[in-house]
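Enquirer: My questions will all concern the structure given below.
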Amino acid sequence: MRMLQADRGTLFINDEKTNELYSRVAMGESIGEIRLPNHLGIAGAVFTSGKTVNIPYCYADLRFNPAFDKQTGYFTRSMLCVPVLNKESKVIGVTQVLNKRGGPFDEEDETRLKAFTAQVSIGLENAKLFDDVQNIKNYNESMLESMSNGVVTLDEDAKIVTCNAAGSEILKIAQSEIIGQSAEEYFGETNDWILEKVTRVAESGETDSTLDAELMVGDEKLSVNVSVMPLVSSEDKNLGTMIMIEDISSEKRMKLTMSRYMDPGIADQLMEGSEDILGGTNVEATILFSDVRGFTTLTEELGAQGTVSLLNDYFTIMVDCISREEGMLDKFIGDAIMAAFGLPISHDDDEDRAVRAAISMINDMWAWNAVRAEKGQKPLDMGIGLNTGNVVSGNIGSPKRMDYTMIGDGVNLAARLESACKQYSARILISENTYAKLRGTYRIRDIDDVVVKGKTKPVRVYEVLDYHTEETCPNLMDVVNYFTEARKQYHEGNWDKAVTAFKEVLKANPADKLSDTYIERCQHLKESNPKDWNGVWVMTSK
């Protein structure tokens, strides 16, 4: 205004979001704004055309709108308005001066205002650049402060430059106290593994990550995931190092607690927030049921505390056998165990895993019985049933109390087979569904075609014998071969030939109680002489 001897001067900037020209005006202690559409009036015409407008007599020019003068009481005589261009020659606003004292604005005034406006443009660009840098800085700082992971940055001399709020909380130190310390001074001997990572990353320029590491904070041990990353400028200049720390201590404690009440695989998925296992899903799995024989009598002898102690020891051994084969423990039902192979993660050999788990359960129980015998304690025995089939798995219950479990015919048949171990004097029985999918070679004999309680379709049942030794079952392969021949005669209704073959089994192994059972069955069938005999035995109890 002083340079051009004008009454008023206004700088209008274009707001690209609203397509308005605005000017900021001091209003007492605050800042107000004047806004107008960027295509209206003299200022709008200059902005849209990018050309200077010099009006010596405004009321004689049709482009001038006198409404503003009427509203404010100001009388506009002359006007000079020039566009403001950035370094790319884009119009970003206009500069407008009004009422030159002593006459209209001349060409020299235009030249002066254009030169002045060029300086204004540079100032605006610098101000915008500063705002952008400040906004980026504020954004980065806000982002770091809002992160749940701790972030500590080091300069090229390994001195701590920044530490966000999460880092201050994890490391239990005020930001003002840690900033300025050297990494060696702070992390020291207790966490020297972090210093090694910082040195390695500085030399290699590559990120180094460690999961579930131990971080000492005072006298407390934290479980953390740590990533150390190089900080590099756009010119590939080394700026220092960033250490990102994720405290997983509470998550690890929660996972450990949950794993005591459910299968670790289920606990992992729940901790990850997966919803795939919530609700019901139809999957194929191999179900294992086991049950201790004569447990009621044992509990009467042991009492409450002795029973609980016995079960804890027994379940510890059995669960280890299941876990080794990556089976999922579903639940304990009194002294019984229900487990699955193929849930929550399936394998190509789940059937074999289930059979191997069952064999090791018997073997480990026998080894434990030997230890119990030395203490004068009674041995345990059990039966195991396996079946492969479609089951519905998922959370079942009410909104207040849910249980992740499995239901369906596949589950029921496994339970029936476990119970049938008593009738067949067996320890491990598997269904034809499981037998058909086995990949490994096992010592197995076909023992019956049976209709279990509640079903009408017969199921072929097999006994797994791999847990036996020469002492517990002498001449095992002879037993299997003679038994196979006896079963053939039995199936064809040749009762006498079947009895003869079963007696050969007993010669090889006098302790084979199943052959005794079949001899009694053959004698009964011979007397009743069933006319519709098809080799299928119907179970009348569970």
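Values quoted throughout were computed directly from the atomic coordinates according to the rules given, and no laboratory measurement underlies them. Just so it is clear, the model here is predicted, and its values are computed rather than measured. Note: ideal-geometry Cβ built from the backbone for every residue, glycine included; neighbour counts use all protein chains shown.
Enquirer: Compute the FRET efficiency between Glu527 and Glu485 as 1/(1 + (r/R0)^6), taking r as their Cβ-Cβ distance and R0 = 25 Å, and round to the nearest 0.05.
Expert: 0.65
Enquirer: Over the chain, what is the relative contact order in percent, taking alpha-carbon pairs closer than 8 angstrom and at least six residues apart?
Expert: Relative contact order comes out at 7 percent.
Enquirer: Continuing with the same structure: Zone of Trp366 (label point 7 Å along Cα→Cβ, backbone N under 18 Å): which residues in region 448-476?
Expert: Backbone N within reach: 463-476.
Enquirer: In debye, nearest 20, what is the charge dipole magnitude of region 147-248 about its Cα centre with +1 on Lys and Arg Cβ and -1 on Asp and Glu Cβ, if you could check?
Expert: Roughly 220 debye, rounded to the nearest 20.
Enquirer: May I ask which residue of Thr48, Val480, Gly385 lies farthest towards the positive end of the charge dipole of the chain, with charges of +1 (Lys, Arg) and -1 (Asp, Glu) on Cβ and the Cα centre as origin?
Expert: So the residue furthest toward the plus end is Thr48.
Enquirer: So how much slack lies between Arg460 and Asp61, counting 0.36 nm per residue of separation and subtracting their Cα-Cα distance, in nm?
Expert: Contour length minus the Cα-Cα distance gives 133.0 nm.
Enquirer: ³J(HN,Hα) across region 4-13 via Karplus (A = 6.51, B = -1.76, C = 1.60, θ = phi - 60°), whole Hz, x for Gly/Pro?
Expert: Along region 4-13, the couplings run 9, 6, 9, 6, 9, x, 9, 10, 9, 10 Hz.
Enquirer: Relative to the present Cα-Cα distance, how much length would full extension add between Met229 and Ser182 at 0.36 nm per residue of separation?
Expert: That pair, Met229 and Ser182, stretches by 15.2 nm at full extension.
Enquirer: Going by a ≥ b ≥ c, the root eigenvalues of the Cα gyration tensor, does region 6-143 fall in the rounded group (a/c under 1.5), the prolate group (a/b larger than b/c) or the oblate group?
Expert: prolate
Enquirer: Taking H as built 1.01 Å from N, whose amide H comes closer than 5 Å to the amide H of Ile447, not counting residues under 5 places away?
Expert: Amide H neighbours of Ile447: Val461, Tyr462, Glu463.
Enquirer: State the answer as a single residue: which of Phe105, Ile136, Ser146 lies farthest towards the positive end of the charge dipole of region 68-176, with beta carbon charges of +1 for Lys and Arg and -1 for Asp and Glu, about the Cα centre.
Expert: So the residue we want is Phe105.
Enquirer: Take Lys172, Lys378 and order them by how many other Cβ atoms sit within 10 Å, fewest up front.
Expert: Going from sparsest to densest Cβ surroundings: Lys172, Lys378.
Enquirer: Counting other beta carbons within 10 Å of each Cβ, put Lys197, Lys497, Lys128 in order, fewest first.
Expert: Ordered by Cβ neighbours within 10 Å, fewest first: Lys128, Lys497, Lys197.
Enquirer: Got a sec to turn the phi values of region 405-417 into Karplus ³J(HN,Hα) couplings, 6.51 cos²θ - 1.76 cosθ + 1.60 with θ = phi - 60°, whole Hz, x for Gly and Pro?
Expert: Result, ordered by residue: 8, 10, 9, x, 4, x, 6, 4, 5, 4, 5, 5, 5 Hz.
Enquirer: In addition: Would you work out which of Ile13, Ala426, Thr72 lies farthest towards the positive end of the dipole of the chain? Charges go on Cβ: Lys and Arg +1, Asp and Glu -1.
Expert: Checking the options against the dipole of the chain, the answer is Thr72.
Enquirer: Let me ask you something else. Give me the log10 of I(q) over I(0) for region 147-248 at q = 0.21, 0.24 Å⁻¹, as the Debye formula computes it from C-alpha points; what are the numbers?
Expert: Treating every Cα as an identical point scatterer, log10 I(q)/I(0) equals -1.12, -1.48.
Enquirer: Can you work out ³J(HN,Hα) from phi for every residue in region 78-93, in order, using Karplus 6.51 cos²θ - 1.76 cosθ + 1.60 and θ = phi - 60°, giving whole Hz and x for Gly and Pro?
Expert: Result, ordered by residue: 10, 8, 10, 9, 10, x, 9, 10, 8, 5, 8, 6, 8, 6, 10, x Hz.
Enquirer: Kindly provide the helix-only [θ] at 222 nm of the chain, computed as the sum of -39,500 (n - 2.57) over DSSP H runs of four or more divided by all residues, to the nearest 500 deg cm²/dmol?
Expert: That calculation yields -13500 deg cm²/dmol at 222 nm.
Enquirer: Kindly express, to the nearest 10 degrees and within the range 0 to 90, the angle between helix 350-374's C-alpha long axis and the longest C-alpha principal axis of the chain.
Expert: 60 degrees
Enquirer: What list do you get for Glu284, Glu20, Glu520, Glu301 if you sort them by fewest beta carbons within 10 Å?
Expert: In order of increasing Cβ crowding within 10 Å: Glu301, Glu520, Glu284, Glu20.
Enquirer: Further, regarding this structure: To test your reading of the geometry: what angle, between 0 and 90 degrees and rounded to tens, separates the Cα axis of helix 192-204 from the longest principal axis of the chain?
Expert: Result, in degrees: 60.
Enquirer: Could I ask something else about it? Give me the dipole magnitude in Debye, nearest 20, for the chain about the Cα centre, with unit charges on the beta carbon: positive for Lys and Arg, negative for Asp and Glu.
Expert: So the magnitude is around 1980 debye.
Enquirer: Still on this structure, please answer the following. Using 7 Å Cα-to-Cβ label points, what is the Phe68/Ala45 separation (nm, one decimal)?
Expert: Distance between label points: 1.3 nm.
Enquirer: On full extension of the chain, what length is gained from Thr441 through Asn19, given 0.36 nm per residue of separation minus the C-alpha to C-alpha distance?
Expert: Full-extension gain reported as 143.9 nm.
Enquirer: Let me ask another. Quick one: if you take sqrt(5λ) for each eigenvalue of the C-alpha gyration tensor of region 468-536, what semi-axes come out, biggest first, whole angstrom?
Expert: After diagonalising the Cα gyration tensor, the semi-axes are 24, 11, 9 Å.
Enquirer: Taking 7 Å along the Cα-to-C-beta vector as the label spot, tell me the Asp516-Val217 distance in nanometres, rounded to one decimal.
Expert: For the pair Asp516/Val217, the computed spacing is 6.7 nm.
Enquirer: Further, regarding this structure: With no solvent and one equal point scatterer placed on each C-alpha of the chain, evaluate the Debye formula and give log10 I(q)/I(0) for q = 0.13 Å⁻¹, two decimals.
Expert: Values, matching the q order: -1.18.
Enquirer: Using amide H atoms built in the peptide plane, which far-off residues or other-chain residues are under 5 Å from Ser182 H to H?
Expert: Answer set, sorted by chain and number: Ile160.
Enquirer: With +1 assigned to the C-beta of every Lys and Arg and -1 to the C-beta of every Asp and Glu, and no other charges, what is the dipole magnitude of region 6-143 about the Cα centre in debye, to the nearest 20?
Expert: 220 debye
Enquirer: Along the Cα→Cβ direction, 7 angstrom out, place labels at Val536 and Glu374. What is the inter-label distance in nm?
Expert: The modelled label-to-label distance comes out at 5.1 nm.
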